[in-house]
Structures are given as structure tokens and as C-alpha cells.
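The values are calculated or read from the model by the stated rules, or taken from the named source; none is laboratory data. Everything numeric here is computed off the predicted structure, so don't read it as measured data. Don't worry about glycine lacking a Cβ; one is built from the backbone with ideal geometry, like all the others, and counts go over all protein chains shown. Quick note on the areas: whole protein, heavy atoms, side chains included, nothing else; ligands and nucleic acids left out. Shrake-Rupley method; radii C 1.70, N 1.55, O 1.52, S 1.80 Å.
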Amino acid sequence: MPWVIVLPLISAFLYALAAIFLKRALADGVGRWRVTFGCNVVMALGYQVCWAVHTQPFSAIGAMYAAIAACTFFSGQIFTFLALNRGDVSVVTPILGTKVIWVAGFSMLLAGRRLTPHLWAAVFMTALGAAILGYQQGVHPRRVALSVGAALATSGSFGLTDVLVQQFAPAWGFGSFIPTMFLMVGVLSLGFLPLMRGDKGGGWAPVWLGTGAVLLAVQALGLAFALSTYREATKINIAYNSRGLWSLALIWAFGHWFGNTEREGGTRTMLRRLAGATLLVVAILIASR
């Protein structure tokens with residue numbers, strides 16, 4: 001497969017691995033605001049090493065677009081918390097899989113990209129596969145409209161962020177755009193400090209949170225590099241949606257090592273998730289053509 005597919009596949013695997021560590025941190029009493037703050041600080045500080053490959057002079061326009069991308073990324077995080085706080089994960093998670101559709105739409109509007117029919121088929125297959133993976137039977141969420149709206153805003157914000165990175169990072173350079181963008185994300189994350197006081201537990205679980213944050217930062221950097229280098233946001237996100245498949249595989253094989261009991265949901269649940277994972281694989285193969 002071409003690197004435009006391989007890199008997001010690797011990032012998706014690292015994301016799924018990071019999620020297991022971060023879920024364990026949450027289970028050990030680290031609040032969601034602390035988890036997000038910790039992850040953002042690791043990215044904001046860690047990505048400053050990208051200045052080592054900085055080759056272009058300062059660009060006010062480049063910095064402006066980096067700041068805009070930081071705001072859309074940060075908005076996606078806020079909407080994520082709103083969606084999860086107002087609705088059930090089983091409702092929110094499948095909708096987050098529609099990010100690839102938002103990416104396709106923004107690519108046409110902002111980048112003038114035309115998608116081929118087989119790529120459109122892959123887009124909808126990956127969204128359907130993500131929905132099947134996230135579905136849970138018998139759940140009756142409250143405030144469905146608000147949770148669905150917030151989840152759509154989440155996927156839209158992150159989708160717009162990907163297209164902005166694809167379009168504007170190459171002009172100023174990956175080594176300038178990315179560290180500037182995430183430095184701004186780190187500054188915006190200072191707003192989490194008052195909210196962290198209300199987190200339950202009040203701990204940090206440094207091993208679980210630290211490992212998860214580093215893995216999350218590495219995968220995000222790989223995804224950003226793929227977006228700015230290959231400028232194929234739709235294809236990249238189709239492959240990146242394989243994180244649902246990787247999560248299923250990792251939880252099934254190693255979840256019990258981390259105290260994760262999701263694989264105990266029964267054979268019927270695992271078969272349904274396997275069907276969703278199969279759709280993701282087929283979509284990736286179509287996109288790699």
C-alpha cells in the first residue's frame with residue numbers, strides 16, 4: 001500500500017493503544033479534564049522539536065492559519081466533552097465516525113478536490129463500519145438531540161482541522177506550522193485548569209496518563225505529517241478510521257492486562273463488531289486503489 005495509507009494506519013494503531021492507557025488512567029480516578037490537559041501539554045511541548053526542521057522564514061499568514069487550526073482542534077475537544085456528558089458513548093461514538101464525511105465535504109469546499117465514485121463509496125463504508133463498531137443494543141440515552149448535535153460538531157471541527165492542516169501547513173512548512181498550532185492549543189488548554197478542580201479523584205496516574213499522552217502525541221504527529229505531505233485528507237481519514245478495528249483487536253488480545261472487560265460482552269457483540277471492522281478493511285482497500 002502507498003504511504004498515504006500506511007502512515008494513517010500506523011497512527012490509528014497508536015491511537016487505539018493510547019486509548020487503552022488513557023482509559024486505564026480514567027479508571028484510576030484521573031478526571032477527563034486532567035487527561036485532556038495532560039495530553040495537550042505533551043503535544044504542545046513535544047512538538048517544539050519540529051522547529052529543528054524549520055526551513056522557511058516567519059510567516060504571519062502561516063501563523064494565522066496555524067492559530068485557526070488550533071482553535072478548531074480545541075473546539076473539537078470541547079464538543080467531545082459536551083457530547084459525552086450529555087449522551088451515551090454508544091450514541092456519540094458512531095457519529096464521530098462521520099468525520100471522514102466532513103473531511104470529504106471540506107476538501108471539496110476549501111481545497112477544490114473532486115472525489116471519485118469509488119472513494120465516495122469508501123467514505124460511506126467507513127462511516128457505516130464505525131457506526132456498527134460503536135453500536136450498543138438496548139441503550140436509551142437522554143437528551144439525544146443535544147448529544148447528537150455535539151457529536152456532529154465534534155467530527156466537523158476535527159474534520160475541518162485536518163483540511164486546514166492539509167491546505168496551509170505545506171506553504172509555511174511542517175516544521176513551522178505544527179509546533180505553532182499546538183503551542184496555541186497548549187495556551188488554550190490553560191482554560192482547563194479551573195475545571196480540573198471539579199474532577200473526581202484528583203489524581204494523575206502518571207504511568208498510564210504519561211504513556212497514553214506520549215502515544216497520542218506520536219500518532220497525531222504522524223497524521224499531521226501525512227496530511228501536510230500527501231494532501232489527501234479523505235483517503236488518510238478512511239485509513240485512520242481503522243482505529244476502531246485496532247481497538248477491537250487490542251482489547252480482544254490484551255485488554256485484560258489493563259483491566260478492560262469489553263471483550264466479555266458476548267459472542268454476538270463481538271461478531272457484530274467484527275462485521276463493522278470488515279467494512280473498515282474493505283473501505284481502506286478501496287481507498288488505496
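Here are the numbers:
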read-out: Extreme residue, modelled with the highest pLDDT, among residues of the range 22-41 that are open to solvent by 30 Å² or more (accessible area, probe 1.4 Å) and of a type outside the set (A, V, I, L, M, F, W, C); value: ARG34
read-out: VAL165 vs. criteria surrounded by fewer than 18 Cβ atoms within 10 Å (Cβ to Cβ) and at pLDDT 95 or above; value: no
read-out: Selected residue [touching a Leu at 6+ places or on another chain (Cβ under 8 Å), modelled with pLDDT of 75 or more and either in a helix (DSSP H, G or I) or not aromatic (Phe, Trp, Tyr) (or both)] from ALA249, ALA277; value: ALA277
read-out: Positions within the range 7-16 being open to solvent by less than 40 Å² (accessible area, probe 1.4 Å) and either at pLDDT 90 or above or touching a Pro at 6+ places or on another chain (Cβ under 8 Å) (or both), in sequence order; value: LEU7, PRO8, LEU9, SER11, ALA12, LEU14
read-out: Scope the range 222-248; condition among the charged types (D, E, K, R) and either buried (at least 24 other Cβ atoms within 10 Å of the Cβ) or under 17 Å from ALA283 (Cα atoms) (or both); matching residues; value: GLU232, LYS235, ARG243
read-out: Residue among ALA19, ALA44, ALA60 that is touching a helix residue (DSSP H, G or I) at 6+ places or on another chain (Cβ under 6 Å) and either of a type outside the set (Ser, Thr, Tyr) or at pLDDT 95 or above (or both); value: ALA44
read-out: Filter result for LEU183 (within 15 Å of the chain's Cα centre (by Cα), open to solvent by 20 Å² or more (accessible area, probe 1.4 Å), modelled with pLDDT of 95 or more and under 26 Å from LEU17 (Cα atoms)); value: no
read-out: Of all residues in the range 31-71 being small (Gly, Ala, Ser) and not in a helix (DSSP H, G or I), the one that is nearest to PHE158 (Cα to Cα); value: GLY31
read-out: So THR55, is it open to solvent by less than 40 Å² (accessible area, probe 1.4 Å) and β-branched (Val, Ile, Thr); value: no
read-out: Enumeration of residues in the range 97-113 that are among the hydrophobic types (A, V, I, L, M, F, W, C) and open to solvent by 10 Å² or more (accessible area, probe 1.4 Å); value: ILE101, TRP102, PHE106, MET108, LEU109, LEU110, ALA111
